[in-house]
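**Student:** Structure below; questions to follow.
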Amino acid sequence: MIRCCVLLLLVGLPAAAGLDLAAASPAEVQETVTTVPVADDGLLYVGSSEFPDRVGHLRALSLAGGPSVRLWDAADRMPPPGAALPPPADPGLAALAPQFDGPSGQRQVFTGLPVAGAFRLVAFEARAAHQLAPLLGAATPAAAAALINAVRGRSQTSAANPAGSGDRPNRLGAISRSSPALAGGSLLAAGGRGRDQVLYVGAEDGLLHAILAGRRTADGYDHAAPECGGELWAYLPGSLLPYLSGQPFDRPGDAPAVHVDGAPAVDDLFFDSDGDGRREWRTVLVGTATIERLNHGVIFALDVTDPRAPRLLWETTLPALAPGRSRGAALGWSGGWTDPAPRVYVTFATTGRIDLAGSVDAGGGRHGVLACALDPADGRLLWRFASPYPEAAADRVAPPSLPSLVTGTDGATDAVVFGDLAGRLWVLDPVTGRARGGGPLWQAPGGAREPIGPGLAVRDRLVLLGTGGVDDSAVEYGYAVYAVEVTGDEARLRWIQLLAPGERLWGAPLFDRFGQAVVGVGRGPAGAAGRLLTVTEDGALAASVPLAGTPSGGPVATSGALVAVSLEGRVEMFGTLSPDPAEEAASPGRVRVLSWRVR
């Protein structure tokens, strides 16, 4: 598994001069950073949301000498949407395959349809209007073309004028709940050694965006190449098609009807991805989305071994489970290196109320949590786990934390770990989904008053978590950071670090290479200061460094330095960048994924 480690001690390190991401924005525009940045190769990639227009930015910043150089913003480099009209006749599915054989000069947007027991990519453009009109709920191909062109970035489209009146200046949706994942070369996947670096991120426009981050060179990646920051393609989950008409394309400030809001998970997996009976290494991306009006979750998988020609593996709404919103998935395998069985693990909130058995009970049940394992080849459900919340948390509908994986020395997954909004830590068997210990393996002392935040960190058998980092938690409650050791069906609290009243963890903590915990905390509202904490292996506070704002996504690590980005977009770096020879040697030939899961 890919591990992310801090390469320094946070003691006595001054912060480099900070950078305000939104400094050039008009005074009436509020820009916020609520997702986890990516730090890699001396660069920082930051996704953000701009209000009131609910548009997004994805910036690349150079960290050399401090975060002072903006290389590009993907919002400024989106290809033109095009303004095509539907053809006079239905071209049929065979003519609607996406064109990946070269740049067309316009956006490459596609969606997925189930066809003859499999899944097929279809170009999401006006020439598909006849095929997509029934799925879009459009009365005519012209109305379908108007909706398609609006998704692609045209403004003021209608059935009478499907082409609209012009291109929207910012065609990247707000990045508010999806932390980007960065993937580059791979020694395992066929043809992966010389791959470019690509950022994958979801947005409020209902699209998963693939953004070119670095062009492969003989000695690394060129992140300043002219095409970097440009969108290679975007994927619209097919399950969202019936709800697209509710998207507020020309109503700035309205909430989205559909949202690709989970953090994408990307990794190399060894499996039979195309049904030919042969297993091979493929690079797989798993993402999640939400139909907001129904609070219903969607999960999908793409083969991105060739990032310029993706292949849809599957997509599902898991109708038997009725899942709600998710923060994303984790990829792992059982069986070890000798006979790996790859798995997709995902956690959801429930759409509605469930009983103790996990069955829908709208009258007497409570909201709760779902977890499941899926086959990465076809999305087949392998097991499910469900638990309603206790009465004190019965109405909480936010998702539990991302699943984190405890792995053995052979790389196989030994346990699936996540926390929920009732302060419960769950440890599930990765093969059966059984809750170890017969219930939550550990409970925060405050119960439902201490919801576990969006991310955990796992190092060997030690699980690091913080409480309070959800929107409806009490403002002045005393939250804490906990280190819990998990052994088999038992857990014990190793240490606790109490926080000041109102301070919370809004993102995942980190372990450094010395076994210390590095945690970003803050009160959360705009303007509130934050802190970076270092806690030793025995729970002693080693350092407390003030921050200009709350690091809502948590701290991120790069060679020799830590970076924190506040809710307001203030970037602060601690330490000095230094080359990591081991990491540099591996960089040409492995998937490079730095997202907010720490395994």
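**Student:** Positive end of the charge dipole of the chain (Lys, Arg +1 and Asp, Glu -1 on Cβ, about the Cα centre): tell me which of 346, 105, 575 has its Cα farthest that way.
**Tutor:** The listed residue farthest towards the positive side: 346.
**Student:** Tell me, what HN-Hα J-couplings in whole Hz come from the Karplus equation 6.51 cos²θ - 1.76 cosθ + 1.60 at θ = phi - 60° for each residue of the range 510-518, using x for Gly and Pro?
**Tutor:** So the Karplus estimates, Gly and Pro as x, are 10, 9, 8, 6, 9, x, 7, 9, 10 Hz.
**Student:** Also: Can you list the chymotrypsin sites (Phe, Trp or Tyr not before Pro) in the range 311-381 that are in a DSSP coil and have 10 or fewer other beta carbons within 10 angstrom?
**Tutor:** Counting only loop positions with at most 10 other Cβ atoms within 10 Å, the chymotrypsin sites (Phe, Trp or Tyr not before Pro) in the range 311-381 are 337.
**Student:** Something else about it: Would you kindly calculate the translational diffusion coefficient of the range 215-330, applying Stokes-Einstein with the Kirkwood radius from alpha carbon pairs, for 4 °C and a viscosity of 1.567 mPa s, and quote it in µm² s⁻¹ without decimals?
**Tutor:** 79 µm²/s
**Student:** Given the options 264, 233, 432, identify the residue whose Cα lies farthest towards the positive end of the charge dipole of the chain (+1 on Cβ of Lys, Arg; -1 on Cβ of Asp, Glu).
**Tutor:** 432
**Student:** Using a cut-off of under 19 Å, list every residue of the range 368-396 whose amide N is near the label point 7 Å from the Cα of residue 272 along the Cα-to-beta-carbon line.
**Tutor:** Output list for this probe position: 374-382.
**Student:** Tell me the mean residue ellipticity at 222 nm calculated for the chain from its helices only (DSSP H runs of n ≥ 4, each -39500 (n - 2.57), averaged over every residue, nearest 500).
**Tutor:** After summing the helix terms and dividing by the residues of the chain, the value is -1000 deg cm²/dmol.
**Student:** So, one more: Could you go through the range 394-402 in sequence order and give the Karplus-derived ³J(HN,Hα) for each residue, using 6.51 cos²θ - 1.76 cosθ + 1.60 with θ = phi - 60°, rounded to whole Hz, and x for Gly and Pro?
**Tutor:** 4, 9, 7, 10, 5, x, x, 5, 4
**Student:** Next up: Rounding to the nearest 20 debye, state how big the charge dipole of the range 205-313 is about its Cα centre with +1 on each Lys and Arg Cβ and -1 on each Asp and Glu Cβ.
**Tutor:** That gives the range 205-313 a dipole magnitude of about 120 debye.
**Student:** Of the listed peptides 297-303, 82-88, 391-397, what is their order by residue-averaged count of other C-beta atoms within 10 Å, with the highest listed first?
**Tutor:** 297-303, 82-88, 391-397
**Student:** Can I ask one more? Using alpha-carbon positions, what is the distance between the centroids of the range 494-564 and the range 293-338, in Å?
**Tutor:** 30 Å
**Student:** What size of dipole, in debye to the nearest 20, comes out for the chain about its Cα centre when the only charges are +1 on Lys and Arg C-beta atoms and -1 on Asp and Glu C-beta atoms?
**Tutor:** Charge dipole of the chain: 340 debye, to the nearest 20.
**Student:** Here is a further query. Modelled label-to-label distance, residue 397 and residue 160, 7 Å Cα→beta-carbon offset: nm?
**Tutor:** Output for this residue pair reads 3.7 nm.
**Student:** Can you list residues from other chains, or at least 5 along the same chain, whose modelled amide H is less than 5 Å from the amide H of residue 387?
**Tutor:** For residue 387, whose amide H was placed from the backbone, the distant partners under 5 Å are 369.
**Student:** Further question: I need the Kirkwood Rh of the chain: take the reciprocal of the average 1/r across all distinct C-alpha pairs and report it in angstrom.
**Tutor:** For the chain, inverting the mean 1/r across all distinct Cα pairs yields 24.1 Å.
**Student:** How would you rank 78, 573, going from fewest to most other Cβ atoms within 10 Å of each one's own Cβ?
**Tutor:** Ascending Cβ contact count within 10 Å gives the list 78, 573.
**Student:** Under a plain spin-label model, where a point goes 7 Å from the Cα along Cα-to-Cβ, how far apart in nm are residue 30 and residue 69?
**Tutor:** Output for this residue pair reads 3.4 nm.
**Student:** Cut-off 11 Å, label point 7 angstrom out along Cα-to-Cβ of residue 576: give me the residues of the range 537-552 whose amide nitrogen falls inside.
**Tutor:** Counting only backbone N, you get no residues.
**Student:** With a 10 Å radius around each residue's Cβ, average the other Cβ atoms per peptide and rank 555-564, 211-220, 489-498, highest first.
**Tutor:** Ranking, from highest mean packing down: 555-564, 211-220, 489-498.
**Student:** Right, something else. Note down the relative contact order for the chain as a percent, whole number, built from C-alpha pairs under 8 angstrom at least six residues apart.
**Tutor:** 14 percent
**Student:** So how strong a dipole does the range 266-349 carry about its Cα centre when Lys and Arg Cβ are +1 and Asp and Glu Cβ are -1, to the nearest 20 debye?
**Tutor:** 340 debye
Rule-based calculations on the coordinates, nothing more; no lab input. On a predicted model such as this, the values are computed, not experimentally measured, just so you know. FYI the Cβ positions are ideal-geometry reconstructions off the backbone, even for glycines, and counts take in every protein chain you see.
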